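Worksheet: one structure, shown below.
The values are calculated or read from the model by the stated rules, or taken from the named source; none is laboratory data. The model shown is predicted, which means the values in this text are computed figures rather than measured ones. Backbone-built Cβ (ideal geometry, glycine too); neighbour counts: all protein chains shown.
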C-alpha cells in the first residue's frame, strides 16, 4: 500500500474552534480540581471541577464524532450463524470418533463418579464457615443470654430497680454481661394492670412488663413507643404491637406477638430475669417451636 | 509515520493487522437506544476506578476502634473499625468524600442503566434466538449488580444499612429447612457476627467484581461475534448490519458518552449528598431509626415485605415465617421469570427462526402488556417501600396508605398492562407512526379480533424489486462495493475493502442475497455525502477546474510561443 | 405571619434564618441566654412570679384561651385533658412552641408561631401551676458534650425522630416532628415532659447532664455543616437518592445517548 495519505479535509471553522475550546475547558477543570485539592479540598468544588473536566472532554469528543466524522452509511455482512450442515456433522463426528473418550461409556461413568465424589468432598470445608466451636443454628436461635438470675441493666451497664421504670417512659434493657448480644435486647415499660386485655406473656410486676425488642417479622428493634396508647411500632415495615394485649401484632406484616421476659426483684433490690424469653426472639425460622 | 512503524512493530510480532482491520471497520447500528448498555458499562468502570481508591482507606473489620477526627459528634466514640474508617474517609481524607459519594451514585446509576437497557432489549425482542445466551448473561449481571450494591452499602456498618442486613438475614432465615443454616454459614454465627463485615468486603471487592468483569467480557464478546441487532429499515436485512463504523465514528461517540457519564457522576458525587453514615450513627442491635429504607434497587423487596399480609402458616410442627413469600418467593419468581422469558415466549409464538432484525415494541402486544404490567408491579413496590415517608409528607395515617398500596399493587399492573396491550395493538393495526397519532378508529380496531395475518414477508428481498443493486469497483489494489436503493434514497458502502473481486462479491452476496450485482469501473460518482464531503468535492472540483483552465491557457501560450503568434 | 409559619413548620427542614428570628425574639424577650453554646446560669423563666398583676394576667389569659377546652380550674373536659400536675415545663413547651392553643381541632397539635409573648407565657405557666402541684419544672440547660449527646440520642430519640432528626411517621396520622426548630429549653422540656405520644424521660432514666448532652447534639443536628456531601435531599434517605438517580439517568444520560446516537444533520 502506498504510504501517501489522502489530504485532510479542512474542518468547518466553527466546529474546530468549538472542539478546541471544549478541550481547553476540560483542562481548566482538571487544573481547578488539582488546585482545590491542594488548597485543602472541598467536596463540592472538587466534584464540580471534575465534572467540568469530563464534560469538556465529552463535548469535544461528541462534536468531533458528530460533525467532523461522517456517521452512518456503511453496511457489514453477517455470516448468519448456521454453518453448513456438513460442518456441524463433521464437528459432531470429531467429538464422537472411535478414539474419543466420549465413546467409552463405562470408563466415563467411573470418571464421572470420581469427579462427583471430588466435587462433593470439596464442598465439605464450606462447613467451616460456621466455626465448629459455635452453637448450631437451631440451638443458637432458640436461646439468648437471658438466664434465671441475670440482672437487667441499661445500655451503660447500670442495673435497674423497679422504680427506675416510671409509667411515662420506656427503658431499653440488656442482660448483665452480654450487653452487645444481638438477640438479647429488651425493653421495659410500666402499664396500668387494669388496662390489660390479655395477660402479658412474661407476667408483670405491678404493671411493669418486659418484652423482647426485636420485631417478630424481620428482627428490627421495635423502638417506637407510642406512649399512652400501649402500642410499640417497628420502623422497618410498620408492624405495631399492643402491649395491653400481650404484645400481639395489631397492624402491619408481623404475625406473632413479642416474646416476654419474666422478671422479678432480686434480693439486692434490682430487677433480674426469671428465665429466657417466652419464645425465641426476632424473626421466625423453620424449626421455630 | 509513527503509526506506520507502530503497526509494523506489533504486526511483526503478533500479526494483528487482519483482525484489527476487521475490528476497526466493524459496523454498529446507529440508534440511541443501543447506547444504553454502554451507560451501564461506563458506570461500572467508574465503580471500579473509584472503588479501588476506596479500598485503600476502608478497614473491613468489626473490631472496636475509637474515631478521632474532625466530625465532632463522633470524636472519641468507640465504634467498629469499618464505621470509623468510613467516617474518617468522609471527613478527614481529602477528596475522600467525593470519591465515596461518586462511587455510591455510580452504583445507583449502574443498576438504573441496566434496567433501562433490559427494558430496551425486552421490548425489542433482542433476546430471541440466537441471543438467549446473552440474555442469561445480562440477567445474571443484573443479579450480581444488585448483590454488590447491597454488600457495598452494608459494609460501613452504619445503623440504616445494619437494619437492612438484619432484614435480609431474616428473609434468608425464613427459607424452609435450610434457611437458618444458610444464614449461619454466611455470617459465621448468629447476627450480628464479627465475620460479617470482612465477608461482605471480600464478596464486594473481589468475588462479585471478578464475576462481573468476566461476564461483561463474555457479554461484549458475544455481541462482537453475533453482531448487534438492528431495527428493520431500507437496506437492512437479516444478513447484514447497517450503521457507522467503529473507527472513527463510533469510537468517538462512545468515548464521548464515557466522559459524559463520568462528568455526571462526579457532579452528583460532589454536589448531592448520599448515604451520610456519620448522621446515621454506628449500627447497634438495639437501636433503630425511622424512616428506614434500603437503596432503590432493593426497595422492591422491602415494599413486598411491607405490603404482604401477616401470614405465617405452619406445616406440621414447622413454621413458614412471614418474610418467606414476599421476600424469597417474589424474588425467586422474579429472577426465574427473567431467565425463562425467551423460552416462555418461544413456547407461545412457536418462533424458532433466528432474528437479527428487532421488533418494534408494538409488534408484540402481549409482550408489551406483560412487560408494562411487570414494570408497574415493581414500581409500585418501590414506592410502597417509602409508605411511611409519603404518609408523613401527606399527613395521612400510614395504615390507610398501606391498604391503598395493597390494592394498587394488584390492580394497577393489570390496568397498565391491559392499556399497553391495547395501545400496541392499535399502533400495529393502524397506520399511526407513534402514540400521539393514534385515532379513534385505531383504538376501536384494537379491541376487535386479530385480522388474519398477511402473508409472511420473505426473509430475502424479492428478486423483482426494481432499483436495488450492488455496485462493485476497484480502488487501487483493492475492491469496494456498495448497495443502492434509489427508491428509498439509500446508499450504503461496504465497511471494508476486499483484496479481491471474489471476496467483495462474496460479502455483497451475503449481505444482500438475491440483489443484482454490477461491476462499475473507476470510482463511483457520489459517495454518501456529508457536509464535509460535499464541500470538499465542490472545492476540489473548483480547484481542478481552475487548474485545468490555467493548464489549458498555459499550453496555448506555450504553443503560440512566448513572443506571441509566430 | 402565622400562615408562613405553618408552611415553615410543615416543611420539616431547617429554615435557619426564621428559626433564628423566632429564637432571637424569645431570647430578647425572655432575658437570660438560653442558647446552648453559652452556659446559661439561672432559670429561664423571665417575669418575676407572684405579683398580683401577673397572676391576674395569667388567669385572664387562661380564661380567654384555654378554659374552653381544659376547664376553668384545669380539670379537663372532653375536648382537652386535665392540666392538674402537668408541670410548668409542659405548659411552657406547649405554649412556647405554638402548639397550644390549637387553631382548630386536629389530631396532633403542630409547631407554630406562639400566640403569646414570653411574659404572657410565664404568666400562664404560673397560673396553671397554681391548679395543682407536681410535674416537671422548666429545666435549666447548660453546656453538654456533643459526642455523649449523640449516644443518648441514638439510643432514645432516633427511633422516632430519625437519626438525622428529620422526623418520622407514627400511627393514626401522628408523626414525630423534625427537631430543627426547637430551642435548647424546648428540647429539654420535651424530653422531661413527653408531650403527645412521646414518652417522658424523667431523671431516673436520663440525668440532667445527659439531657444537656442530648440538647447540645440536637442543636448541632440542624447545622448545614453536617451535610458535608452537598444537598441533603431533605435528609429523607435512600429512596429520595434513588429518585434523583433515576431522574439523572433518564434526563441526562439517556438524553445524551439520544443526542449522540443521532447523525449530524438529523
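Below, the figures for the structure above:
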item	result
Total residues in the range A:233-274, condition in contact (Cβ under 8 Å) with a residue 60 or more places away in the chain, buried (at least 21 other Cβ atoms within 10 Å of the Cβ) and within 27 Å of residue B:319 (Cα to Cα)	2
Residue B:212 vs. criteria more than 8 Å from chain A (Cβ to nearest Cβ), at pLDDT 95 or above and within 21 Å of the chain's Cα centre (by Cα)	yes
Test: residue in the range A:120-128 that is surrounded by 11 or more Cβ atoms within 10 Å (Cβ to Cβ), out of contact with any strand residue (DSSP E or B) (no Cβ under 8 Å at 6 or more places or on another chain) and closer than 15 Å to residue A:181 by Cβ	no
Matching residues in the range B:389-404 - criterion: being under 32 Å from the mean Cα position of the chain (by Cα) and either buried (at least 20 other Cβ atoms within 10 Å of the Cβ) or not in a helix (DSSP H, G or I) (or both)	B:389
Those residues of the range C:172-194 which are at pLDDT 90 or above, in a loop (DSSP other than H, G, I, E, B) and closer than 24 Å to residue C:234 by Cβ, in sequence order	C:174, C:177, C:178, C:179, C:180, C:181, C:182, C:183
Selected residue [within 30 Å of residue B:227 (Cα to Cα) and loosely packed, with under 10 Cβ neighbours inside 10 Å] from A:84, A:70, A:98	A:84
Counted residues, the range C:240-258 - those being farther than 17 Å from residue A:55 by Cα and buried (at least 23 other Cβ atoms within 10 Å of the Cβ)	2
Some residue of the range B:224-233 being in contact (Cβ under 8 Å) with a residue 40 or more places away in the chain, in contact with a helix residue (DSSP H, G or I) (Cβ under 7 Å, 6 or more places away or on another chain) and more than 28 Å from residue C:238 (Cα to Cα)	yes
Options A:92, A:55, A:117; residue that is at pLDDT 95 or above and surrounded by fewer than 11 Cβ atoms within 10 Å (Cβ to Cβ)	A:117
Residue that is in contact (Cβ under 8 Å) with a residue 12 or more places away in the chain, in a helix (DSSP H, G or I) and either more than 10 Å from chain B (Cβ to nearest Cβ) or under 48 Å from the mean Cα position of the chain (by Cα) (or both), where the choices are A:51, A:62, A:34, A:92	A:51
Test: residue in the range B:354-361 that is assigned by TED's automatic domain parsing to the domain that holds residue B:233 and on the phi > 0 side of the Ramachandran plot	no
Candidates A:253, A:257, A:289, filtered to the one that is within 17 Å of residue B:322 (Cα to Cα), touching a helix residue (DSSP H, G or I) at 6+ places or on another chain (Cβ under 9 Å) and at pLDDT 95 or above	A:253
Subset tally (residues that are in a loop (DSSP other than H, G, I, E, B), surrounded by 22 or more Cβ atoms within 10 Å (Cβ to Cβ) and more than 7 Å from chain A (Cβ to nearest Cβ)) for the range B:176-209	0
Evaluation of residue B:244 against (1) surrounded by fewer than 22 Cβ atoms within 10 Å (Cβ to Cβ); (2) within 7 Å of chain A (Cβ to nearest Cβ); (3) in contact with a helix residue (DSSP H, G or I) (Cβ under 6 Å, 6 or more places away or on another chain) (one fails), failing number	(1)
Subset of the range A:168-192 that is more than 9 Å from every other protein chain (Cβ to nearest Cβ) and over 28 Å from the mean Cα position of the chain (by Cα) - its residue that is surrounded by the most Cβ atoms within 10 Å (Cβ to Cβ)	A:188
Odd one out for residue C:263 among (1) under 28 Å from residue B:32 (Cα atoms); (2) modelled with pLDDT of 95 or more	(2)
Number of the condition not met by residue C:204 [criteria: (1) within 13 Å of chain A (Cβ to nearest Cβ); (2) under 21 Å from residue A:233 (Cα atoms)]	(2)
Single residue of the range C:207-234 satisfying the filter (assigned to a helix (DSSP H, G or I) and without any contact (Cβ under 8 Å) to a residue 40 or more places away in the chain) that is farthest from residue B:101 (Cα to Cα)	C:225
Members of the range B:72-92 that are within 10 Å of another protein chain (Cβ to nearest Cβ) and either on the phi > 0 side of the Ramachandran plot or buried (at least 19 other Cβ atoms within 10 Å of the Cβ) (or both)	B:73, B:74, B:76, B:77, B:90
Residue in the range B:148-156 that is more than 17 Å from the chain's Cα centre (by Cα), on the phi < 0 side of the Ramachandran plot and modelled with pLDDT under 95 present	no
Where residue B:46 falls short, out of the listed (1) closer than 30 Å to residue B:497 by Cα; (2) within 14 Å of chain C (Cβ to nearest Cβ)	(1)
Qualifying positions in the range C:148-171 - part of a helix (DSSP H, G or I) and out of contact with any helix residue (DSSP H, G or I) (no Cβ under 6 Å at 6 or more places or on another chain)	C:151, C:154, C:155, C:156, C:158, C:159, C:160, C:161
Filter result for residue B:68 (assigned to a helix (DSSP H, G or I) and more than 30 Å from residue B:115 (Cβ to Cβ))	no
Hits in the range A:127-145 (condition: touching a residue at least 12 places away in the same chain (Cβ under 8 Å), over 12 Å from residue B:187 (Cα atoms) and not in a loop (DSSP other than H, G, I, E, B))	A:138, A:141, A:142
So residue C:162, is it surrounded by fewer than 24 Cβ atoms within 10 Å (Cβ to Cβ), within 7 Å of chain B (Cβ to nearest Cβ) and over 28 Å from residue C:82 (Cβ atoms)	no
Selection status of residue A:129, in contact with a helix residue (DSSP H, G or I) (Cβ under 7 Å, 6 or more places away or on another chain) and either outside the structural domain of residue A:229 (by TED's automatic domain parsing) or modelled with pLDDT under 95 (or both)	yes
Some residue of the range B:221-234 being facing chain A (nearest Cβ under 7 Å), touching a strand residue (DSSP E or B) at 6+ places or on another chain (Cβ under 6 Å) and surrounded by 18 or more Cβ atoms within 10 Å (Cβ to Cβ)	yes
Residue match in the range B:286-296 (condition: closer than 17 Å to residue B:139 by Cβ and within 14 Å of chain C (Cβ to nearest Cβ))	no
